[in-house]
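Just so it is clear, none of the values below were taken in a lab; they were calculated from the coordinates. Quick caveat: nothing in here was measured; it's all calculated off a predicted structure. So basically every Cβ, Gly included, is an ideal-geometry build from the backbone, and we count neighbours across all protein chains shown.
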Amino acid sequence: MEIEKAYFTLPEILVRWNIPEADLIYLAENDRLRLSVRVFGMPIEFGDLRASVDDQPHSMPSERKRYSGLLDLHAQDAFRLFRSGELALTEFRTPNASHASVRGDESPVLCMIGDLVLRREERDRFEAESGFSGSGNRNPEPAFAASSDYQTIRCNGQAFHLGLIQAQVVRLLHEAAHAGSPWINGKSVLTSAGARSLKMSDVFKSQPGWRDLIRSNRRGLYRLACD
């Protein structure tokens, strides 16, 4: 039985991707992969960084609370941590906030390399963008891979970066394929996805290669083109 995890240790990721640790470090310190650390009951201020009149970034707090969960490292901190082995940190980021800092005079979070984890959604995003199959090798590449929000898709080796409505359309088509009935009515899909237009070509007009992702039978039915 496989446990449905929200995050994974780095050794688990190294085994899944079958890459050396040096490659994973390279991805993290070049901000191509966000690593995280688990904290418990830390007083954290969340917010976004915005430029002020002097063009310097300043934090705009949106929430303050004692937080338990994952916080993402900045790339420069991942770089420092892998070289020193441990690091005291007060500044982080999250998928929903560009700024997350330990409040006031509270003690920093002491991070060690063994504490680092990778969020499931970050793993899925990277696999969809890079073509990693998650099976220990990259050959053959899976016909279809998607991030958890379906905004990053890889279909037959081609990468797509989708908007919210486009992603919802692909999600519905993918679910239909899994259910064994891949061909579904286009207007029904677009309505369910919340699209304003009932023409697939209108919804995907920002994607020049969308017909490589979605196939039509020219009678109003659509399916994913990833065989």
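Annotation: lysines with alpha-carbon distance below 28 angstrom to LYS5 (same-chain offsets under eight excluded): LYS65. When each full DSSP H helix of the chain is screened for a Cα extent of at least 18 Å along its own axis and an average Kyte-Doolittle hydropathy of at least -0.5, the helices passing are 164-178. In loop segments of the range 164-216 as defined by DSSP, there are no chymotrypsin sites (Phe, Trp or Tyr not before Pro) with at most 10 further C-beta atoms inside 10 Å of their C-beta.
Straight-line reach from LYS199: taking Cα to Cα under 26 Å and skipping same-chain neighbours fewer than 8 places apart, the lysines in range are LYS187.
Give me log10 I(q)/I(0) at q = 0.09, 0.10, 0.12, 0.18 Å⁻¹ for the chain, Debye formula, one equal scatterer per alpha-carbon, no solvent. Evaluating at q = 0.09, 0.10, 0.12, 0.18 Å⁻¹ gives log10 I(q)/I(0) of -0.49, -0.59, -0.80, -1.23.
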